[in-house]
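Beneath this line is the structure, given in structure tokens, with notes to follow.
The values are calculated or read from the model by the stated rules, or taken from the named source; none is laboratory data. Keep in mind that this is a model prediction, so the values were computed, not measured. A quick note on method: Cβ atoms are made from the backbone with ideal geometry, for glycine too, and the neighbour counts reach across all protein chains shown.
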Amino acid sequence: MTTCRIRACLAAGTLLVLSQGACGDSTTMPTVAAAVRLDMPIIPPNAARVGYGLRPFGVHGGEHPEGHPGWNVEYTEGAKVRAMANGVVRSVEAVPENGSYRVTIDHGGGVSTRMDALGPPEPGILEDAEVSRGDAIASPHAELSMAHVAVIVNQAEVCPEDWLSESGRIVFEEIFRTAGYGEELTEPFACNETGVSFPLTRVWTRTEGVLELGGSAVQTIEFTRLAAETHEYGYRLLDSAGSEIESGSVIDFAPLHFEEFGLIGLSPDGGDDERVGVINVIGNEMQIDLGSPAPTNLDEAATFTTN
């Protein structure tokens with residue numbers, strides 16, 4: 001089933017919903033959703049960063065080569081997944097494939113949230129029960145330690161970031177700042193477009209600092225992910241005139257290798273020595289250092305940005 005990416009514009013107390021991405025050119029949908037605002041389904045002390053921290057919307061890979069239709073949020077052991085706003089429980093379903101539960105909450109105005117990968121729901125989380133913002137819904141499934149959260153507007157799955165409350169955004173930014181996942185070289189945002197084709201290339205442009213290789217200053221880095229089903233990347237390093245300095249393959253990318261940043265390994269075409277560097281990607285900003293010997297921190301990293 002094709003999933004639309006929804007963007008929302010707040011005007012005169014209502015949210016005019018615009019679709020784009022997998023559904024083609026941006027078009028105004030014929031329905032208007034009430035101005036529901038959502039908190040995060042987690043409180044900051046319960047946030048974990050074992051595999052990724054937060055896996056964003058639209059990312060292609062894993063079980064979703066078509067684009068991830070929500071957010072995966074990692075939790076500490078025993079933490080609770082919480083209602084993102086006041087609402088009414090519309091369904092509580094057991095998922096026999098992995099022994100988890102799924103809970104859908106209607107927040108009114110055509111806005112619902114669906115929480116997957118849950119353990120048994122809390123007492124009182126039953127169909128037609130009313131819930132309040134912040135109420136505990138369930139713990140994550142014991143074997144998964146995360147919850148998948150989908151925001152649904154007028155029956156379309158949308159990016160949760162567009163619907164966050166002010167307090168929800170503060171919590172989100174704290175979690176996303178330290179998130180790391182294997183697709184972020186080409187899909188670095190909390191909201192990534194689902195309707196893209198592969199190979200997928202993202203261009204990063206230097207805005208601060210210096211990254212120098214063989215006497216040439218790198219102005220642009222292009223990362224190309226070859227297919228939605230793999231984490232194989234190619235790369236190109238270009239100077240300020242657009243001339244290629246080097247190209248090759250990314251042979252290692254471990255975004256959570258260190259506590260505050262990741263590790264990247266590059267293998268240049270032509271058999272030159274492999275390069276090992278440090279990297280940190282947060283949304284549209286990337287810090288990277290490919291110095292020799294291999295750096296162990298970001299103190300001398302250059303900053304690159306992308307649109």
Next item on the list: Please list, ordered by first then second residue, the pairs with beta carbon atoms under 7 Å, 6 or more apart or interchain, first in region 211-222 and touching a residue at least 12 places away in the same chain (Cβ under 8 Å), second surrounded by 17 or more Cβ atoms within 10 Å (Cβ to Cβ) and among the hydroxyl-bearing types (Ser, Thr, Tyr).
Entry: 221/235; 222/235
Checklist line | Top-ranked residue in region 164-177 [being outside any helix (DSSP H, G or I) and not hydroxyl-bearing (Ser, Thr, Tyr); ranked as farthest from residue 35 (Cα to Cα)] | finding: 177
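Yes/no matrix, rows are residues, columns are (1) under 16 Å from the mean Cα position of the chain (by Cα); (2) buried (at least 18 other Cβ atoms within 10 Å of the Cβ); (3) at pLDDT 95 or above; (4) of a type in the set (Phe, Trp, Tyr):
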{"position": "117", "(1), (2), (3), (4)": "no, yes, yes, no"}
{"position": "121", "(1), (2), (3), (4)": "no, yes, yes, no"}
{"position": "156", "(1), (2), (3), (4)": "no, yes, yes, no"}
{"position": "166", "(1), (2), (3), (4)": "no, no, yes, no"}
{"position": "171", "(1), (2), (3), (4)": "yes, yes, yes, no"}
Next item on the list: Might you check whether a residue that is of a type in the set (Phe, Trp, Tyr), out of contact with any Pro (no Cβ under 9 Å at 6 or more places or on another chain), under 22 Å from residue 188 (Cα atoms) and surrounded by fewer than 19 Cβ atoms within 10 Å (Cβ to Cβ) occurs anywhere in region 244-267?
Entry: yes
Check: Could we say that residue 241 is farther than 22 Å from residue 60 by Cα and not hydroxyl-bearing (Ser, Thr, Tyr) here?
Finding: yes
Note to self: Show me the strands (runs of 3 or more DSSP E) entirely contained within region 52-163 in which 2 or more residues are of a type in the set (Gly, Ala, Ser) and at negative phi.
What the structure shows: 87-95, 111-121, 136-140, 146-153
Item checked: Members of region 179-210 found to be of a type in the set (S, T, N, Q), touching a residue at least 12 places away in the same chain (Cβ under 8 Å) and surrounded by fewer than 18 Cβ atoms within 10 Å (Cβ to Cβ), listed by number -> 201, 205, 207
Next item on the list: Considering (1) buried (at least 19 other Cβ atoms within 10 Å of the Cβ); (2) over 16 Å from residue 72 (Cα atoms), say which one residue 141 fails and leave the rest.
Entry: (2)
Notebook entry, point to check: Any idea which residue in region 42-95 is surrounded by the most Cβ atoms within 10 Å (Cβ to Cβ), counting only those that are of a type in the set (Lys, Arg) and within 22 Å of residue 192 (Cα to Cα)?
Noted result: 55
Note to self: For a quick check of your reading: which strands (runs of 3 or more DSSP E) sit entirely within region 237-307 and have at least 1 residues that are closer than 19 Å to residue 200 by Cα, without any contact (Cβ under 8 Å) to a residue 60 or more places away in the chain and not hydroxyl-bearing (Ser, Thr, Tyr)?
What the structure shows: 244-254, 262-268, 285-289
